[in-house]
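Visitor: A single structure is presented below for examination.
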């Protein structure tokens, strides 16, 4: 279990993490979601004792991580996959880490196999692609077969195969009762991976909820209709006590279903050219929630179709 | 890289689930790290070759010019100390290696993995210091003996060679190894303090090699004091066999250069504990 208690980090006057309190439970993948610069990495670094909190505390199994007697058996972490000495072979890197905690050296072979890196074990890390570096980082995190795993933006820069691999990997760990804490700035990715979400913006806690609840609350759905008999249908809807509005040549009806609207149209002999359910995407909901807390707004394309990360346009339809 | 489906974590049985991480574990880990980068072996080779090479040149040159040497110089001729003169170059190699032990972890970001595996930072620093210090001392002693024996080849013809059994000679040769330890640890300490490779290397080369001769320009008694107690100026007395009036004793000199690295190391340790990684 990971606990943040009023965790606060200031750099001079700038508050990076602002009074964060939450708990990460075992047996689930917990997504740690926020725009770039929200304080996710800083929070994780404080949990690992790399940064000192200005106020508050981060506890791993009830005590600060720096008090762990066998650290790698308690926590495995992957922060930045490129934070590694490229001059070493993958095997030497893993061996040195295993030795530091008195772990049996056969674990090195175990985790190399686990991450599919056995073939390149004796190659120097500087020649590795980002995806391979990520796997080495994950291999290192798994050396102590820890109860708690922390991954900071693990899918960044990975190809679809790598993303799928990491997603399945994290879920299989959670299924085995591990605590899996994974950060991301992509809502769509977290919706697929995490069953619990902790959302932060500008270092502040915005939501601490199950992913399902988050989706239910934030993805308002509606029905859209295209018809040549707009006035007739609008009258019928008003008579039925259903609120509707006209958008982009469609009639939009919130909180209804295609069945109900189709039946209503048939009963009123209205011709329908198009009828479909319209969901606002989770990505939009996430952007809405963090809008005020995004550090660097894009100045170009300020309309809502481009998010602060610039990469969300293609994600919208997925949810 | 072919595993596309969910990799099942292997069922793992640790024989001993409650092994506590000890200093010895971390020392073994740092030993592996130290030897698994290529720069280590290269730098140690440079230390050896530069030291023995320069000492050989000096012994060859001095022994060839013996007839032209004035009597005062000849009375003060210290062939053992001359055999250690190559350390003026060798010290730079070991100091750079010492600085890299810590700065390479900070510059690559590897320090995060290190401190995540071993959150006890002073234990990491101590382990690195022990591994590097032992290697520096052992390689330093081997280098000093090699420089000594190669140099003596040139003096034997003049019947001026020193022997390990002569008074002070063994101390001077081992002192050469100790000097390598001190200059290496000076680089290590500045690395711990400065954390940036270029900055630490510049600082240690300046303080060991560039500035010491320049201190002679300082005027007066206090200028002489600074000169005498400045890093390598003080430390090099450990390789002297022939006593020269006015020179500080070998061990006072060695204590002085030891203080030169211990103080920044203690400060670096305090900073390492206090700062964010």
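Visitor: Mind listing whichever residues of the stretch A:68-82 are assigned to a helix (DSSP H, G or I) and either at the interface with chain B (Cβ under 8 Å from one of its Cβ atoms) or under 24 Å from residue A:18 (Cα atoms) (or both)?
Guide: A:71, A:72, A:73
Matching residues to (1) assigned to a helix (DSSP H, G or I); (2) closer than 21 Å to residue B:238 by Cβ; (3) within 27 Å of the chain's Cα centre (by Cα):
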position: B:42; (1), (2), (3): yes, no, yes
position: B:46; (1), (2), (3): yes, no, yes
position: B:52; (1), (2), (3): yes, yes, yes
position: B:55; (1), (2), (3): yes, yes, yes
position: B:59; (1), (2), (3): yes, yes, yes
position: B:62; (1), (2), (3): yes, yes, yes
position: B:73; (1), (2), (3): yes, no, no
position: B:77; (1), (2), (3): no, yes, yes
position: B:80; (1), (2), (3): yes, yes, yes
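Visitor: Let me ask another. Take residue A:238 and decide whether it is surrounded by 15 or more Cβ atoms within 10 Å (Cβ to Cβ) and either closer than 17 Å to residue A:278 by Cβ or modelled with pLDDT of 90 or more (or both).
Guide: no
Visitor: Another question about this same structure. Determine which member of the set A:54, A:118 is more than 7 Å from every other protein chain (Cβ to nearest Cβ), over 22 Å from residue B:109 (Cβ atoms) and in contact with a strand residue (DSSP E or B) (Cβ under 6 Å, 6 or more places away or on another chain). Full working, then the answer.
Guide: Details: A:118 fails: in contact with a strand residue (DSSP E or B) (Cβ under 6 Å, 6 or more places away or on another chain).
Answer to the selection: A:54.
Visitor: Name the single residue that is farthest from residue B:22 (Cα to Cα) among those in the stretch A:100-113 being within 8 Å of another protein chain (Cβ to nearest Cβ) and surrounded by fewer than 24 Cβ atoms within 10 Å (Cβ to Cβ).
Guide: A:113
Visitor: Scan the strands (runs of 3 or more DSSP E) fully inside the stretch A:127-227 and keep the ones with 1 or more residues being away from chain B (no Cβ under 14 Å). Before you say what the answer is, go through the steps one by one.
Guide: On the way: elements: A:148-152, A:179-184, A:196-201, A:204-210, A:221-226.
Those strands (runs of 3 or more DSSP E) span A:179-184, A:196-201, A:204-210, A:221-226.
Visitor: If you don't mind, there's one more thing I want to ask. I'd like to check something: does the stretch A:230-248 contain any residue that is in the same structural domain as residue A:46 (by TED's automatic domain parsing), touching a residue at least 24 places away in the same chain (Cβ under 8 Å) and part of a helix (DSSP H, G or I)? Walk me through it before giving the result.
Guide: Residues of the stretch A:230-248 that are in the same structural domain as residue A:46 (by TED's automatic domain parsing), as a first pass: none.
There is no residue in the stretch A:230-248 that is in the same structural domain as residue A:46 (by TED's automatic domain parsing), touching a residue at least 24 places away in the same chain (Cβ under 8 Å) and part of a helix (DSSP H, G or I).
One line per residue, one yes/no per condition, for (1) in contact (Cβ under 8 Å) with a residue 24 or more places away in the chain; (2) within 14 Å of another protein chain (Cβ to nearest Cβ); (3) over 16 Å from the mean Cα position of the chain (by Cα):
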site: B:92; (1), (2), (3): yes, no, no
site: B:101; (1), (2), (3): yes, yes, no
site: B:119; (1), (2), (3): no, yes, yes
site: B:127; (1), (2), (3): yes, yes, yes
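Visitor: Does the stretch A:83-90 include one or more residues that are assigned to a helix (DSSP H, G or I), closer than 27 Å to residue A:26 by Cβ and more than 7 Å from chain B (Cβ to nearest Cβ)?
Guide: Initially, the stretch A:83-90 is screened for residues assigned to a helix (DSSP H, G or I), giving A:90.
Filter again for closer than 27 Å to residue A:26 by Cβ, leaving none.
Among the residues of the stretch A:83-90, not one is assigned to a helix (DSSP H, G or I), closer than 27 Å to residue A:26 by Cβ and more than 7 Å from chain B (Cβ to nearest Cβ), which makes the answer no.
Visitor: What helices (runs of 4 or more DSSP H) lie completely within the stretch B:160-277 and have 1 or more residues being modelled with pLDDT of 95 or more and within 30 Å of residue A:43 (Cα to Cα)?
Guide: B:169-194, B:197-205, B:250-274
Visitor: Of the conditions (1) outside any strand (DSSP E or B); (2) more than 9 Å from every other protein chain (Cβ to nearest Cβ); (3) at positive phi, residue A:49 clears all except one; give me its number.
Guide: (2)
The values are calculated or read from the model by the stated rules, or taken from the named source; none is laboratory data. All values derive from a computational prediction rather than experimental measurement. Cβ: placed from backbone, ideal geometry, glycine included. Neighbour counts: every protein chain shown.
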